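The structure under discussion appears below in the form of structure tokens.
The values are calculated or read from the model by the stated rules, or taken from the named source; none is laboratory data. As the structure is a computational prediction, the values presented were derived from the model and not from experiment. With ideal geometry, Cβ positions are generated from the backbone for all residues, glycine too; neighbour counts draw on all protein chains shown.
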Amino acid sequence: MPAASPVTRSVIRARGYATAPGGGSNTLLWVVGAAAVAGGGYWYYSAGSAANVGKEAGTAAKSATQAIKAATNFTPSKDDYQKVYNAIADILEDNDYDDGSYGPVFVRLAWHSSGTYDKNDGTGGSNYATMRFPSEAQHGANAGLDVARAKIEEVKEKFPWISYGDLWTLGGVCAIQEMAGPKIPWRPGRIDGFAKDATPDGRLPDATKVADHLRTIFYRMGFDDHAIVALSGAHALGRCHRDRSGFDGPWTFSPTTFTNDYFELLMNDKWTWRKWDGPKQLQDKTKTLMMLPSDFALVQDKEFKKWVKVYAEDSNKFFADFSKYFSELLELGVPRAQFVSSEPWIMKTTEEQSS
Ligand code: HEM
């Protein structure tokens, strides 16, 4: 079946998104954002109108927690965030969706909401959840993430006090942990920003490109070669969709379990260019699995390949490094003073809670 143009579809979706989810809680968002303005101008730099809402709210918040309290008269505890985690875990599995789980697309949402960070001017990152705005939602790299945003909105409706930045990053943490991955240290404190905080297109990696491009993109976030390889291991999860990126297929045989299979397959399988009417991608000998040109770059580049080999041979090392870098990724762009605790938390898996 011919796929609809990704561009057309993302525009349709983004239009739908602009008016659909979150409508009910937008007022709260404005109040929370404005309360933050009232207390700490460095969080949010402009908008007389927002400051006015802040004045109307009559608040003087000094932290994200205080902003929530000012807007809702409620101070969430770690237990409250664990409840949000559990509610996300509850909606992960769905046999009618993809490979049976929303986990992979939640990981992608968490990553794309954070990976826009630019260390040179401090813009982007997970703080303001700017993918809520059409200007960012419509970036080609974000095609298909409307599915994740709409799904996780079910949790937002139950816990309207949580910011979108915290919700989306916690979604990634929950998905990794529930899909048998490592614990991901995480803490709340992100606040929701405004459309003017949306990032320009082109900050996320382009899968048709190779090593130089990956370095430009990830170095801008403050990461190095080691981190690029470790983070790419998330492609053990999920799949490419023709109607989202144009690419097609999963990277591994167990796309809903976090493993080091991506590296083993990259190192040990024979990869050939697929002959088809889609964008250039590689296939394994079973013609079931795929690699993007950007994935394949990790074994074509000497520096990257060193780490691919380490992770193919040592799953524990991969889990430990992934945990560290993914946790860092999710905190990009968030001023330290905004976090509710000096150290990140370890959220419990549903399995740990039931035993
Ligand atoms: C290194 C550069 C990267 C490139 C070029 C890239 C590109 C892509 C592309 C083209 C897709 C397919 C989207 C679709 O059609 O649905 C995808 C999916 C995915 N990416 Fe990446 N990605 C990169 C890095 C990462 C990182 C750092 C993470 C997380 C730490 C990540 C997590 C995922 C996940 C979990 C999926 C599957 C989503 C699903 O099943 O819906 N990717 N990526």
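Here are the numbers:
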quantity	calculated
Search result, residues across segment 234-249 that are more than 7 Å from the ligand (Cβ to nearest atom) and under 25 Å from V308 (Cα atoms)	A236, D248, G249
Flag if W273 is in contact (Cβ under 8 Å) with a residue 40 or more places away in the chain and of a type outside the set (D, E)	no
Check on K62, modelled with pLDDT under 95, basic (K, R) and over 21 Å from E157 (Cα atoms)	yes
Which numbered condition A234 misses (of (1) of a type outside the set (V, I, T); (2) within 26 Å of C174 (Cα to Cα); (3) surrounded by fewer than 21 Cβ atoms within 10 Å (Cβ to Cβ); (4) touching a residue at least 24 places away in the same chain (Cβ under 8 Å))	(3)
Options D192, D224, D201, D212; residue that is surrounded by 17 or more Cβ atoms within 10 Å (Cβ to Cβ), among the acidic types (D, E) and away from the ligand (no atom under 11 Å from the Cβ)	D192
Single match in A180, A148, A175 (criterion: out of contact with any Lys or Arg (no Cβ under 6 Å at 6 or more places or on another chain) and on the phi > 0 side of the Ramachandran plot)	A180
Filter pass, K306 being in a helix (DSSP H, G or I), surrounded by fewer than 16 Cβ atoms within 10 Å (Cβ to Cβ) and touching a Phe, Trp or Tyr at 6+ places or on another chain (Cβ under 8 Å)	no
Residue within segment 295-309 that is touching a His at 6+ places or on another chain (Cβ under 7 Å), acidic (D, E), within 16 Å of the ligand (Cβ to nearest atom) and touching a residue at least 24 places away in the same chain (Cβ under 8 Å) present	yes
